[in-house]
Amino acid sequence: MYSVGQVAKFLGVSRDTLKFYEDKGLVNPKKNAENGYREYNQFDIYDITTINFYREIDIEIKRIQEIRKSKSIADLEFLLEEKEQVILEEIEYKKLLLKKVQLIKKDCAKIKQYLGKYTIKEMRPLEVKGKIKKITDFDKYEILAKNTDSLKQAVTLTALRRVISFNEEGMIGDKFIIVRELEDFDKSIEGEVLAHQNCIYTIIEDGRWSTDGENMDNKVEASLRKIAIKNGYEPLGVVYVNILLTTYEEGLERVFLEIYAPIK
């Protein structure tokens, strides 16, 4: 027979947890007639380790109580199959989330390298999945949920690109497109694919910490035009803006934007 302290130490659970299991009728140790202390036998140990397993895979206490009353292995097998599917889905989600974390780490390095600097760079192909007139219409478009790599709300905005159109007089258009990044240009894709071999590329900082809420659109467009002319390039009149990263300084957001401005 084993005491509460021995079982708690041996199985790595607290006394409160053991008491909770007892209160829920999941384990029923005998009381020593002489001193009134609870004592556990090997069958109680089996019960506790099994309950711990069920709790570890997030099976509710009520379901565990039902399992204890059931005599059917088939019932347990069905429950475990359900839980297996949930865990597999969680694993896939975690893999995608890990991929996103790794991408953001790369974005941090990209910001250090290109913030405030200009270079010529290719814009990788983007498949256009939908369009939004304004960012406030974001929640009205079901297509967003279908094109975010199943990463829930954590990364939904990564499927968006802001598209600014301009001419020599300034901005003439502004919209958002929903995109899917392509590894390579796939000619089998029937929809619209955006790809530009040569773009003026830079990263700029927006947000209230750096701009005090001032709209940067015209300044960015003018700066890109100036860079293009200075280096003998002809801008195509469109700029693609991608939100790379948002962080905070003194409670105010710092937003880092990746800019692609196609040129001839």
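Which lysines, if any, have their Cα less than 16 Å from the Cα of Lys133, not counting same-chain residues under 8 positions apart?
Lys175
Placing +1 at every Lys and Arg Cβ and -1 at every Asp and Glu Cβ, with all other atoms neutral, what dipole size does the chain have around its Cα centre, in debye to the nearest 20?
Details: 44 positive and 46 negative charges, 82 e Å.
Computed charge dipole of the chain: roughly 400 debye.
Based on the Cβ-Cβ distance of Asp174 and Glu56, what FRET efficiency does E = 1/(1 + (r/R0)^6) give at R0 = 45 Å, to the nearest 0.05?
Details: r = 51 Å, r/R0 = 1.13.
Calculated transfer efficiency: 0.35.
Residue by residue through region 75-90, which ³J(HN,Hα) values in whole Hz follow from phi under the Karplus form 6.51 cos²θ - 1.76 cosθ + 1.60 (θ = phi - 60°), with glycine and proline marked x?
The phi angles translate into 4, 5, 4, 5, 4, 5, 5, 4, 5, 4, 5, 4, 5, 4, 5, 5 Hz.
Testing the spin-label approximation: label points 7 Å from Cα along Cα→Cβ at Ile120 and Ala195. State their distance in nm.
A separation of 1.9 nm, rounded to one decimal place.
Could you state the angle between the C-alpha long axis of helix 42-56 and the longest principal axis of the C-alpha atoms of the chain, as a value from 0 to 90 degrees rounded to the nearest 10?
Between helix and principal axis, roughly 20 degrees.
Give the Rg/Rh ratio for region 69-116, taking Rg as the radius of gyration of the Cα atoms and Rh as the Kirkwood radius, to two decimals. Don't skip to the answer; put the middle values down first.
Details: Rg = 20.7 Å, Rh = 13.9 Å.
Checking Rg against Rh, the ratio lands at 1.49.
Over all directions, the average projected area of the alpha-carbon convex hull for region 201-264 comes to how many nm²? Intermediate results must be reported in sequence, preceding the final value.
Working: hull surface 17.1 nm².
That works out to 4.3 nm².
If you average the C-alpha positions of region 194-264 and of region 19-49 separately, how far apart do those two centres end up, in angstrom?
Comparing the Cα centres of region 194-264 and region 19-49, I get a distance of 67 Å.
List nothing, just return the count: lysine pairs in region 2-69, 8 or more apart or interchain, with Cα separation under 17 Å.
On the way: Lys9/Lys19; Lys19/Lys30; Lys19/Lys31; Lys19/Lys62; Lys24/Lys62; Lys24/Lys69.
Lysine pairs meeting the criterion: 6.
Convex hull over the alpha-carbon atoms of region 2-69: what's its volume per residue in Å³?
Working: hull volume 5.7 nm³, N = 68.
With only Cα atoms used, region 2-69 gives 84 Å³ per residue.
Take every Cα pair under 8 Å in the chain that's 6+ residues apart, average their separations, divide by the length, and report that relative contact order as a whole percent. Could the numbers behind the result be given before it?
On the way: 356 pairs, mean separation 43.6, N = 264.
Relative contact order comes out at 17 percent.
Report the calculated FRET efficiency for Glu181 and Thr49 (r = Cβ-Cβ distance, R0 = 45 Å), to the nearest 0.05.
Details: r = 47 Å, r/R0 = 1.04.
With a Förster radius of 45 Å, E is 0.45.
Testing the spin-label approximation: label points 7 Å from Cα along Cα→Cβ at Ile243 and Glu34. State their distance in nm.
For the pair Ile243/Glu34, the computed spacing is 7.0 nm.
Can you give me the P(r) profile for region 1-116? Cα pairs, bins 5 angstrom wide beginning at 0, each as a whole percent.
All Cα pairs considered, the percentages come to 2, 9, 15, 15, 11, 10, 9, 7, 6, 5, 4, 3, 2, 1, 0, 0, 0.
Every number in this text was worked out from the coordinates using simple rules, so none of it is lab data. For clarity, every value in this text was computed on a predicted model and none was experimentally measured. Quick reminder, even Gly has a Cβ in these numbers, built from the backbone with ideal geometry, and neighbours come from all protein chains shown.
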